[in-house]
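A.B. asks: Before anything else, here's the structure in question.
The values are calculated or read from the model by the stated rules, or taken from the named source; none is laboratory data. All of these numbers come straight from a predicted model, not from anything done at the bench. Cβ atoms come from the backbone with ideal geometry, glycine included; neighbour counts cover every protein chain shown.
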Amino acid sequence: MSRGWAWVLGLVAVAACGRHADQEAELGRAIARWRAAGAHDYDVVQQVSCFCGFPTPDSVLVLVRQDTIASATDASTGQPIASMFAGFYYDVEELFDLVQSAIDRDASRLDVQYQAVLGYPTAIDIDFAPGIADDEIRVQVFRLTVPGR
């Protein structure tokens, strides 16, 4: 490879590494706020939009106890989410992991909004690769409550 092409490829690699640097720093600050809050039991209403191969309810109530998802129910009907689909819903740490995964995979689009005080993601919109159909995922957190607070 000529020296000129090696230089160009090096610039492209450096630019790609830095593309999500601000988002990674923001993620770190959000995680710090969340962990400082010390919430291990909470209820979160969320919607996951993806091409997951199953119909998703408009919103799902996820109960988290001791940092583990205890249940997931359709927020409008109260019906339990089938266990085979429950893995498509997230606790807060898993939402952070989803954002970190998009950063690590250098997603072509990553838009995240965080709750100002507690730091949990309120909206995540990811397109991992622009030329690949159906790899997008969107998560909206409508409400998060911590029992007893």
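A.B. asks: I'm trying to understand the selection: among the residues of the range 70-100, which are within 17 Å of GLN140 (Cα to Cα) and among the aliphatic types (A, V, I, L, M)?
C.D. replies: If the condition is that a residue be within 17 Å of GLN140 (Cα to Cα) and among the aliphatic types (A, V, I, L, M), then ALA72, ALA75, ALA86, VAL92, LEU95, LEU98, VAL99 are the ones that fit.
A.B. asks: Which ones in the range 1-25 are in a helix (DSSP H, G or I), modelled with pLDDT of 60 or more and not polar (S, T, N, Q)?
C.D. replies: Of everything in the range 1-25, those that are in a helix (DSSP H, G or I), modelled with pLDDT of 60 or more and not polar (S, T, N, Q) turn out to be GLY18, ALA21, ASP22, GLU24, ALA25.
A.B. asks: Turning to a different aspect of this structure: What are the residues in the range 99-121 that are in contact with a strand residue (DSSP E or B) (Cβ under 6 Å, 6 or more places away or on another chain) and over 18 Å from GLU24 (Cβ atoms), if any?
C.D. replies: GLN115 - this is the single residue of the range 99-121 that is in contact with a strand residue (DSSP E or B) (Cβ under 6 Å, 6 or more places away or on another chain) and over 18 Å from GLU24 (Cβ atoms).
A.B. asks: Here is a check on your reading of the model: is GLY28 under 19 Å from GLN100 (Cβ atoms) and at pLDDT 95 or above?
C.D. replies: Taking the combined requirement at face value, the residue satisfies it.
A.B. asks: Counting just the residues of the range 106-137 that are among the charged types (D, E, K, R) and exposed (fewer than 14 other Cβ atoms within 10 Å of the Cβ), which one comes out modelled with the highest pLDDT?
C.D. replies: Step by step, filter the range 106-137, then rank; the result is ASP111.
A.B. asks: Are there any pairs with C-beta distances below 7 angstrom linking a residue in the range 42-63 that is closer than 18 Å to GLU94 by Cα and among the β-branched types (Val, Ile, Thr) to a residue that is surrounded by 18 or more Cβ atoms within 10 Å (Cβ to Cβ) and modelled with pLDDT under 80, with the two at least 6 apart or on different chains, and if so which?
C.D. replies: none
A.B. asks: Among the candidates VAL45, VAL99, single out the residue that is surrounded by 12 or more Cβ atoms within 10 Å (Cβ to Cβ), more than 22 Å from ALA21 (Cα to Cα) and modelled with pLDDT of 95 or more.
C.D. replies: Answer to the selection: VAL45.
A.B. asks: Here is a further query. Can you tell me how many residues within the range 138-149 are closer than 17 Å to ILE69 by Cα, at pLDDT below 95 and either out of contact with any helix residue (DSSP H, G or I) (no Cβ under 9 Å at 6 or more places or on another chain) or small (Gly, Ala, Ser) (or both)?
C.D. replies: The total comes to 1.
A.B. asks: Checking PHE85 against (1) buried (at least 16 other Cβ atoms within 10 Å of the Cβ); (2) modelled with pLDDT of 95 or more; (3) not in a strand (DSSP E or B); (4) not hydroxyl-bearing (Ser, Thr, Tyr), which single condition isn't satisfied?
C.D. replies: Unmet for PHE85, out of (1) buried (at least 16 other Cβ atoms within 10 Å of the Cβ); (2) modelled with pLDDT of 95 or more; (3) not in a strand (DSSP E or B); (4) not hydroxyl-bearing (Ser, Thr, Tyr): (2).
A.B. asks: Looking at this structure, is ASP67 at pLDDT 90 or above, farther than 17 Å from TYR120 by Cα and either over 19 Å from the mean Cα position of the chain (by Cα) or surrounded by 12 or more Cβ atoms within 10 Å (Cβ to Cβ) (or both)?
C.D. replies: For ASP67, the condition - at pLDDT 90 or above, farther than 17 Å from TYR120 by Cα and either over 19 Å from the mean Cα position of the chain (by Cα) or surrounded by 12 or more Cβ atoms within 10 Å (Cβ to Cβ) (or both) - is not met.
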